[in-house]
Amino acid sequence: MRATIVFEESIGKKSISKLISKIEIYLATEVDGIDLYFSSIGGEADFAYVLIDFINLNKDKIDLKLYGNIFSAGSWIAKNCKCKKEFLPEIKLMIHTANINDGTFKDINKKHNSSTWAVSESNQKTNLEFINNIKEYLLPEEINLYNNDEDVYIIDQERIKKILT
């Protein structure tokens with residue numbers, strides 16, 4: 001029997017700690033695996049990487065079922081998890097560069113002035129690696145938006161699958 005967990009929250013210390021605790025409880029039982037239904041508007045980059053590392057350590061036991069909004073830090077999780085992924089209908093993807101000032105991804109409800117961002121060398125590298133890994137699936141205008149610190153929304157389901165696999 002497989003366990004089912006649904007995650008529909010912002011990515012932060014409390015939500016990711018709670019999610020990992022739930023997964024650990026199931027992993028300690030006799031379940032055949034975990035179906036993690038995942039939708040998020042994003043959140044804090046550090047905790048996105050905590051979840052990515054945890055899922056990748058347990059990739060043979062966790063299937064990621066993507067649905068709804070896969071925004072910001074959520075897109076990094078969806079892209080970088082090495083477990084089996086399933087794409088449910090009508091996913092909406094949003095990507096953008098990380099907000100370097102505090103390690104979080106941009107708040108999708110605020111307009112940002114990129115000239116106020118202090119971009120560290122390591123975060124420039126992370127943002128560059130991300131766009132280089134997916135740019136073959138982006139339209140020129142989407143690459144331009146990304147490079148100009150704007151949000152890029154994608155609803156084409158086939159391109160989303162290519163971007164996130």
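We did not get these values from a lab; they are worked out from the coordinates using the rules stated. Since the structure is predicted, the reported quantities are computational estimates derived from the model, not experimental observations. So basically every Cβ, Gly included, is an ideal-geometry build from the backbone, and we count neighbours across all protein chains shown.
Taking 0.36 nm per residue of sequence separation and removing the Cα-Cα distance, the Lys82/Lys14 pair yields an extension gain of 22.1 nm. Going by neighbour counts of Cβ atoms within 10 Å, the residues Leu93, Leu64, Leu128 line up, fewest first, as Leu128, Leu64, Leu93.
Using R0 = 25 Å, the C-beta based FRET efficiency linking Met1 and Thr165 works out to 0.35.
Annotation: the residues Ile155, Ile163, sorted from fewest to most other C-beta atoms within 10 Å of their own C-beta, follow the order Ile155, Ile163.
Legend: ranking of residues Leu66, Leu57, Leu164 from fewest to most surrounding C-beta atoms inside 10 Å; resulting order Leu57, Leu164, Leu66.
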